[in-house]
Amino acid sequence: MAQRKLSVLIPVYNEKATVLELLKRVRSVSLPVAKEIILVDDGSTDGTRELLKAIPEDQARVFYHDGNKGKAAAVRTAIDRATGDFAIIQDADLEYDPVDYPALLTPLLDGRAEVVYGSRFLGGPHRVLLFWHYFGNRFFTILTNILYDVNLTDMGTCYKAFALPQLKMIPLSSERFGIEAELTAKVCKRGLRLYEVPISYSGRTYAEGKKITWKDGLSYLWCLLRYRVCD
């Protein structure tokens, strides 16, 4: 029997300071499955693109957008090119640590889950940081639970792991950070078996390069309401 494979999907935009360290961490994590690493540069202008072009083909597959289209567009590009049995979405900014991959994969490997979320609010270590980001995520998580009759603790987490065939069947149309809400809405609406596991989290400040803003909160709200009634 062929060894099963995890596709690590990494959208990248202006992460020159962190992307190579992130790649090192992803490559070094030990897993009971093979790995393919897919990086999608979303029109970086800070030198990230040049770093990615120097990555050997045996370390990662790298694709490039002509301009900045948004995180969701980069994730869609990565999904289209993924060939694994499972997939994990991984930001390139070191807020999330690949050492949590085994915990995310376990419910998929043993057949309990079709989707696994890494929750920042189930007891894992996390950096103490911005209250309004925390409040916003809690608000949207509660709204998700009300609209879709689930009991999530962290709908906005980056760490979403999937059985890849299930992920490829979900039509995605968001362009930027709204993909977190769109994926959650469509996972819940389709009744996929969803688990959460605790993860660590080392959030960044805006001075350190954090990109999500209050405007992305409007995208969250629109997606959660829209996909409650639309496919």
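The values are calculated or read from the model by the stated rules, or taken from the named source; none is laboratory data. Not measured: the values here are computed from a predicted model. Virtual Cβ from ideal backbone geometry, glycine too; neighbours counted across all protein chains shown.
Every residue in the stretch 177-231 that is assigned to a loop (DSSP other than H, G, I, E, B) and at pLDDT 85 or above, please. Steps first, please.
Going through the stretch 177-231, the residues assigned to a loop (DSSP other than H, G, I, E, B) turn out to be 177-178, 190-193, 199-200, 202-213, 230-231.
Selection gives ARG190, GLY191, LEU192, ARG193, ILE199, SER200.
Looking at the structure I just gave you, is ASN137 assigned to a helix (DSSP H, G or I), surrounded by 19 or more Cβ atoms within 10 Å (Cβ to Cβ) and of a type outside the set (Gly, Ala, Ser)?
Yes.
At least 1 residues that are within 20 Å of THR157 (Cβ to Cβ) in each: list the strands (runs of 3 or more DSSP E) lying fully within the stretch 10-99 that qualify.
34-41, 86-89
Please state which of the following conditions TYR64 fails to meet, knowing it meets all the rest: (1) under 15 Å from the mean Cα position of the chain (by Cα); (2) under 29 Å from ARG4 (Cα atoms).
Result: TYR64 passes all but (1).
Consider only pairs whose beta carbons are under 6 Å apart and that are at least six residues apart or on different chains; among these, list those whose first residue lies in the stretch 174-187 and is acidic (Asp, Glu) and whose second residue is assigned to a helix (DSSP H, G or I).
GLU175/ALA72; GLU175/ALA73; GLU182/CYS223
Only one of these is within 16 Å of the chain's Cα centre (by Cα) and modelled with pLDDT of 95 or more: VAL33, VAL8, VAL29. Name it.
Numbers: VAL33 fails: within 16 Å of the chain's Cα centre (by Cα); VAL29 fails: within 16 Å of the chain's Cα centre (by Cα).
On inspection, the qualifying residue turns out to be VAL8.
Table: residues versus (1) closer than 27 Å to ARG4 by Cα; (2) at pLDDT below 95; (3) under 11 Å from the mean Cα position of the chain (by Cα).
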position: ALA82; (1), (2), (3): yes, no, no
position: LEU94; (1), (2), (3): yes, yes, no
position: ALA103; (1), (2), (3): yes, no, no
position: GLY123; (1), (2), (3): no, yes, no
position: LYS168; (1), (2), (3): yes, no, no
position: SER173; (1), (2), (3): no, yes, no
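Yes or no: VAL29 in contact (Cβ under 8 Å) with a residue 24 or more places away in the chain and in contact with a Pro (Cβ under 6 Å, 6 or more places away or on another chain)? Give the steps one after another, and end with the answer.
Numbers: in contact (Cβ under 8 Å) with a residue 24 or more places away in the chain: yes; in contact with a Pro (Cβ under 6 Å, 6 or more places away or on another chain): yes.
Spelling it out, VAL29 is indeed in contact (Cβ under 8 Å) with a residue 24 or more places away in the chain and in contact with a Pro (Cβ under 6 Å, 6 or more places away or on another chain).
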